[in-house]
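*Asks:* Please find one structure pasted underneath; my questions will follow.
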Amino acid sequence: MILTTKIVQGLGWAALSQVARLLFQVAIIALLARLLTPQDFGLIVMVTVFTNFVTIFRDFGLTTALVQRKELTQQHLFSSFWISIAAGLLLSTILFGVAPQIASFYKESRLTSITRVLSSVFFISSFGIVQTALFTRELRFKVLAVVEILAVVISGTIAVGLAFAGFGVWSLVWRQVISSFAIVTFLWAFSRWRVRLFFQWQRVKELLSFGLNLTGFNFVNYFNRNLDNLLIGKFLGSALLGFYSLAYQLLLFPLGNISQVLGRVMFPVLSTIQENKREVRYVYLRAIQYIATISFPMMLGLFVLAPQFVRVIFGFQWERSIFLIQILALVGLIQSISHTVGWIYHSQGRTDIQLRWGLFFTIIIVLSFIIGLRWDVEGVTIAYAIATLLLTYPALAIPFRLIKLRVGHFFKQLILTLLAALGMAGTIFGLSLFLGNTLMASDLTTLVTGMTVGVLSYAGLLWVLDRDLYREVFRLLNQLKPSPPEIAWQEDYDSRSGKVKL
């Protein structure tokens, strides 16, 4: 019961953080999309291809290792902090130095100064790695929620102000830098842990045995997540990359704002029960059902209402993104549940298997990008969707063996939710045709009406098809009540054994 309560409370705060960030980010992106051009967004994505690569080596998986490790000492924390600072400084220096080469690769001189400013993010963010790991390990998501919301509000407000003032692409650059600085500042303000001048390589090695396999997977997965941007930016230009980037960001909403909500809580929770496979299966399947309950209707609703959504929220200059959004919405539906297998790999300590599968997966995805490039940005999007669909079954079956879960049983848990979402999508589609073709309603009217009817029809269908889900949600909501006052972290530290007591 205590573990369940911690899970629910952690999810509550993580969800609050993600919902607040999502709403504010959508508002910020909508404002910036009207103030800036697709080329401005494309320039940032060009640099992001390289900054994402550098991010792989930011902490060599130490943050995740600190959360997963059963016995954690102060020596682990001190050593991880200093190695992270050293890595952050090194990576910032390297990226600063290769900025001219990045600009030369794209034949875009403005990228030199943009890359050099963004390089500072790695050194800045390295100061908050240990605090983030500790808050996550202790399921203190209330603190992380406050930190992230404050950072998004501050950086987003400044970015919009800069865009209004005519700073163009630099409003997007400074948004990232300010966000990183704000996160680190608030992490230190809310954390009672303080670093000491201590470093022991043996402690780092104990963590790296887990972290290096994870880093290897992230290295391989980088090409899956970024080569499309590299190829489009190089061969099709910054404008088309801007259209694709907007569509891809909407794909990432269910991954970054739903799956991640649960992921931040489920990884430390599954790590604590990693040896009880039956309990791991139960907790994992319930979490997946909650994700599907939100992501399935969200992605199918976006698929149907994409034309109205783009024209109302972002403006007519972004209309070429509509088809891309519709294809990637279907990809997002699949990946919102398939990407959760990382929880299994990490909590079971089998990042070695994840690395081997990731290598094969990435080869297929990269080939799909190269093949699709022949048919412009639309070809890349369709090829990516086809490859993702073909790889879904093995992507699930391999990690499921670690917890003795059958793929058929997994999908059986989701069938009622999928049927409700499909019914909702059909209702919205018929309504949008009626409003647009018969009543000649505006895009705004169709969008608002469609969203309202979609929510109501989905809730009704889900009530009819899976009434037990409603009862379970209300039961869990009753557990969303304040926890007893938390004991300071230092008081949970045994000075004689040097171990962190959780």
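The values are calculated or read from the model by the stated rules, or taken from the named source; none is laboratory data. Computed from a predicted model, the values in this text were never measured in an experiment. As a convention, Cβ positions derive from the backbone with ideal geometry for all residues, glycine included, and neighbour counts pool all protein chains shown.
*Asks:* So in segment 157-167, with the set limited to residues that are in contact with a Ser or Thr (Cβ under 8 Å, 6 or more places away or on another chain) and touching a residue at least 60 places away in the same chain (Cβ under 8 Å), which one is nearest to SER125 (Cα to Cα)?
*Replies:* It comes out as ALA159.
*Asks:* Within segment 79-123, which residues are buried (at least 20 other Cβ atoms within 10 Å of the Cβ) and either over 29 Å from ASN229 (Cβ atoms) or not assigned by TED's automatic domain parsing to the domain that holds ARG194 (or both)?
*Replies:* Hits for segment 79-123 are SER79, SER80, PHE81, ILE83.
*Asks:* In segment 125-157, which residues are surrounded by fewer than 22 Cβ atoms within 10 Å (Cβ to Cβ) and in a loop (DSSP other than H, G, I, E, B)?
*Replies:* GLU138, ARG140
*Asks:* Is it true that THR362 is at pLDDT 85 or above, of a type in the set (Ser, Thr, Tyr), assigned to a helix (DSSP H, G or I) and touching a helix residue (DSSP H, G or I) at 6+ places or on another chain (Cβ under 6 Å)?
*Replies:* In short, no.
*Asks:* Among the residues of segment 134-147, is any over 27 Å from PHE198 (Cβ atoms) and either of a type in the set (Asp, Glu) or at pLDDT 80 or above (or both)?
*Replies:* Yes, segment 134-147 contains at least one residue that is over 27 Å from PHE198 (Cβ atoms) and either of a type in the set (Asp, Glu) or at pLDDT 80 or above (or both).
*Asks:* When the residues of segment 441-479 are filtered to those that are over 22 Å from ILE415 (Cα atoms) and surrounded by fewer than 13 Cβ atoms within 10 Å (Cβ to Cβ), which remaining residue is modelled with the highest pLDDT?
*Replies:* THR452
*Asks:* Where residues in segment 380-435 are in a helix (DSSP H, G or I) and among the charged types (D, E, K, R), which of them is surrounded by the most Cβ atoms within 10 Å (Cβ to Cβ)?
*Replies:* Checked segment 380-435; the qualifying residue surrounded by the most Cβ atoms within 10 Å (Cβ to Cβ) is ARG401.
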